[in-house]
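Working notes, beginning with the structure itself.
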Amino acid sequence: MSIFEVKQLSYQIDTKDILNNLSFSIQEGESIGIIGPNGSGKTTLLHLMSGIYLPKNGQILFKDRPITAYSKKELARYIAFMEQEAIPLLSFTVEEVVAMGRYPWLRPFTSLKSRDYSLIDQILAELDLDKKRTEPIHSLSGGERQLVAIARAMVQEPQVLFLDEPTTYLDIGHQVMVMNHIRNWQQKNNLTVIMVLHDLNLAAQYTDKLILMNQGKLQAWGNVAEVLEEQKLAHVYQTKPVIIKHPVTGVSQILLHG
Amino acid sequence: MNKNKKLFLWMGGLFLFLLISIVISLRIGSVGVTIHTIYRILVSHLFSIPLEVDWSTGQEAIIWNLRLPRILLAMVVGGMLSLAGVAFQGILQNPLADPYILGVSSGAALGAAISILLQTQRLFILSTSISAFIGAMASLGFVLWLANLQSRQKNEALILAGVVVQSLIGALLTFAIALSGEQMQTIIFWMMGSLANKEWLDIGILLPYFIFGFAFLWTQHKEFNVMALGERAAIHLGVDVNKKKWMILLVASLLTATAVSIVGIIGFVGLVIPHMLRILTGPDHRILIPVSTIAGAIFLLWADTIARSILPGREIPIGVVTALIGAPFFAYLLRQGLRRKSL
């Protein structure tokens with residue numbers, strides 16, 4: 001069943017076309033990477049699909065209902081969104097930040113129940129954060145903060161996870177750790193994952209399908225091997241890459257001529 | 001959960017401190033009245049028990065008509081300003097936001113002063129509060145517009161914008177009072193605040209705003225917490241950030257405006273108290289909002305007790321006391337907080 005259906009979606013900011021007539025659909029449980037050069041409209045597409053921006057032209061159906069028909073809180077029960085966040089001003093602890101993921105599920109004037117607490121405990125343990133639970137969020141490294149963000153998103157119990165550049169500023173060890181955690185979660189819960197990635201090699205390794213964007217248009221859309229083709233990438237990125245097969249996993253990988 | 005226990009312990013401790021402060025403050029003043037007599041006067045009034053009168057009518061007037069209403073008014077105003085400070089800091093994500101520094105107090109004072117000078121109360125009793133509220137919202141709007149919330153140096157920009165608006169409004173206020181032929185004393189009252197010559201009625205006017213403001217803001221504690229993660233994170237978690245932001249700014253301005261319309265501008269309460277309590281109890285607004293409110297009440301009660309008793313036979317404006325404590329604290333925060341970018 002398709003969880004997202006995007007139909008003839010266009011978006012302008014101050015008469016400038018950011019997105020131009022996009023149509024595609026995403027199935028439940030898929031892992032989708034959105035790639036493309038800077039300014040190609042990737043993040044705007046993510047914000048439209050997650051309901052932060054309202055579509056002006058075209059339509060986005062989420063579970064067969066227009067995304068605009070959902071209330072903000074309702075949407076937050078289905079959709080979690082991870083992006084590079086500023087470090088909060090206040091010194092909340094890891095545990096407190098993760099617990100805020102339950103916000104969309106709380107009714108007004110109620111607080112967390114024992115079921116919420118056991119979920120939080122379980123997820124903190126799963127991500128190996130239980131030793132850090134009472135530490136203030138400021139004292140963590142960038143990689144640890146990203147783990148906290150994953151934990152908060154998991155506590156939100158969404159069906160869809162959007163990620164905007166989840167690995168920026170992380171070293172390779174932490175990049176793989178973050179991506180593995182997300183993949184495990186996806187496979188265990190049949191989560192739909194839609195992420196904007198700059199790193200094409202990570203995108204190839206961790207997604208089922210790719211959307212290649214160029215100047216607000218859908219340049220290519222399909223399986224990783226179909227999208228990561230020399231001519232397509234050369235056209236979009238204005239540089240000719242070399243494409244090889246990963247010696248271990250067999251997925252397409254990109255090398256640059258330099 | 002242990003959070004409930006923490007809230008209970010802090011609230012209990014602060015309430016006890018507040019009660020002790022009230023008793024001590026009732027004793028302080030040029031006319032000495034023993035604790036025993038104070039107790040008997042209070043009991044006879046509060047529970048209308050016909051006790052044998054062993055006190056003078058002078059003592060009774062001093063305790064019941066002068067000191068007690070003044071103490072209660074200081075508590076209510078302190079609670080309101082501290083509450084407004086928590087709300088402004090939380091919603092603007094700025095550790096230095098406070099009704100005084102944002103220029104909201106000045107705007108409220110100008111609004112209230114104009115209404116009083118024009119004697120609009122003769123037409124409509126609440127007109128001074130409303131006028132103060134309009135002044136408060138106008139100056140807040142102006143400060144936020146000047147500071148442009150998107151700007152990178154938003155802490156610094158907000159303070160500069162506040163300074164500009166405060167100076168402008170201060171000048172307008174002084175001009176308005178001078179035009180009306182009033183004395184310097186009135187100007188000082190508005191600029192530095194005073195709780196002298198207030199009555200039970202003034203408490204009655206403020207109490208509904210205080211209760212409403214507290215109840216509204218406390219029920220928003222989850223939203224405050226989530227918004228402290230950043231506006232984007234709050235939107236992703238399903239908070240209608242724009243709506244909440246405006247509602248909270250309105251309520252915080254209303255609290256400031258009504259307090260200022262009765263007692264004039266009293267600075268730094270909303271800055272110092274929430275900060276201290278955040279250091280002591282942590283950033284969770286479920287705890288922070290009520291404890292800051294009581295601590296604000298205690299703080300202003302003591303500030304006013306000092307203001308009325310430190311010089312024998314005369315008063316100093318209460319704003320002098322709060323500024324002497326608050327301004328160095330502000331300077332400290334400016335250096336420390338801005339360098340670390342965290343609190």
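Table for the structure above
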quantity: Ratio Rg/Rh [Cα only; Rh per Kirkwood] for the stretch A:2-227; calculated: 0.97
quantity: Mean residue ellipticity (222 nm) of the protein assembly as shown, computed from DSSP H runs ≥ 4 via -39,500 (n - 2.57), nearest 500; calculated: -18000 deg cm²/dmol
quantity: From the C-alpha gyration tensor of the stretch B:221-316, square roots of 5λ in Å; calculated: 33, 16, 8
quantity: Which of A:Ser2, B:Ser25, B:Ser180 is most accessible, then next, and so on - probe 1.4 Å; calculated: B:Ser180, A:Ser2, B:Ser25
quantity: Computed E for B:Leu324/B:Asn65 - FRET, C-beta separation, R0 30 angstrom, nearest 0.05; calculated: 0.55
quantity: Around B:Glu315: net Lys/Arg minus Asp/Glu count, Cβ-Cβ under 15 Å; calculated: +4
quantity: Sequence of A:Phe24, B:Phe124, B:Phe299 from largest to smallest accessible area, 1.4 Å probe; calculated: B:Phe124, B:Phe299, A:Phe24
quantity: Sum of side-chain charges, B:Arg232 neighbourhood, beta-carbon under 11 Å (Lys, Arg +1; Asp, Glu -1); calculated: -4
quantity: Residue among B:Pro69, B:Pro283, B:Pro328 with the largest mean-square fluctuation in a Gaussian network model of chain B, springs linking Cα atoms under 10 Å; calculated: B:Pro328
quantity: Buried accessible area, chains A and B (both chains, 1.4 Å probe, Å² to nearest 100); calculated: 2500
quantity: Solvent-accessible ranking of A:Ile60, A:Ile87, B:Ile279, largest area first, probe 1.4 Å; calculated: B:Ile279, A:Ile87, A:Ile60
quantity: Heavy atoms of B:Phe47 accessible to a 1.4 Å probe, total area in Å² rounded to 10; calculated: 130
quantity: Violating pairs (Cα-Cα greater than 26 angstrom) within the set A:Lys7/A:Lys73; B:Lys198/B:Lys244; A:Lys7/A:Lys209; A:Lys72/B:Lys245; calculated: B:Lys198/B:Lys244
quantity: Fluctuation leader among B:Ile22, B:Ile289, B:Ile211 - chain B, Gaussian network, Cα springs under 10 angstrom; calculated: B:Ile211
quantity: Mean accessible surface per residue for the stretch A:81-172, computed with a 1.4 Å probe while every protein chain stays in place, in Å²; calculated: 44
quantity: Label-point gap, in nm, between A:Lys188 and A:Asn57 - each point 7 angstrom along Cα→Cβ; calculated: 4.4
quantity: In the stretch A:1-82, trypsin sites (Lys or Arg not before Pro) in a DSSP loop with at most 15 other beta-carbon atoms within 10 Å; calculated: A:Lys56, A:Lys63
quantity: Accessible carbon and sulfur surface of chain B relative to its total accessible area, %, 1.4 Å; calculated: 69
quantity: Along principal axes, Cα extents of chain B, largest first, whole Å; calculated: 66, 58, 38
quantity: Within a Gaussian network of chain B (alpha carbon springs, distance under 10 Å), most fluctuating of B:Arg40, B:Arg67, B:Arg314; calculated: B:Arg314
quantity: Net charge of neighbours whose Cβ lies under 15 Å from the Cβ of A:Gly29, counting Lys and Arg as +1 and Asp and Glu as -1; calculated: +1
quantity: For B:Phe330, solvent-accessible area (1.4 Å; no DNA, RNA or ligand), Å²; calculated: 40
quantity: DSSP-assigned coil residues among trypsin sites (Lys or Arg not before Pro) in the stretch A:138-205, each with at most 16 further Cβ atoms within 10 Å; calculated: none
quantity: D_trans [Stokes-Einstein, Kirkwood Rh over alpha-carbon pairs] for the stretch A:99-201, 25 °C, 0.890 mPa s, µm² s⁻¹; calculated: 168
quantity: Where labels lie 7 Å past Cα in the beta-carbon direction, separation of B:Arg286 and B:Leu172 in nm; calculated: 4.2
quantity: Hull-based mean projected area of the stretch A:22-122, where the convex hull spans the alpha carbons, in square nanometres; calculated: 9.2
quantity: D_trans [Stokes-Einstein, Kirkwood Rh over alpha-carbon pairs] for the protein assembly as shown, 25 °C, 0.890 mPa s, µm² s⁻¹; calculated: 90
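The values are calculated or read from the model by the stated rules, or taken from the named source; none is laboratory data. No experiment lies behind these values; they were computed from the predicted model shown. With ideal geometry, Cβ positions are generated from the backbone for all residues, glycine too; neighbour counts draw on all protein chains shown. Each accessible area value is taken on the protein alone, full model and side chains, heavy atoms only, with ligands, DNA and RNA left out. Shrake-Rupley method; radii C 1.70, N 1.55, O 1.52, S 1.80 Å.
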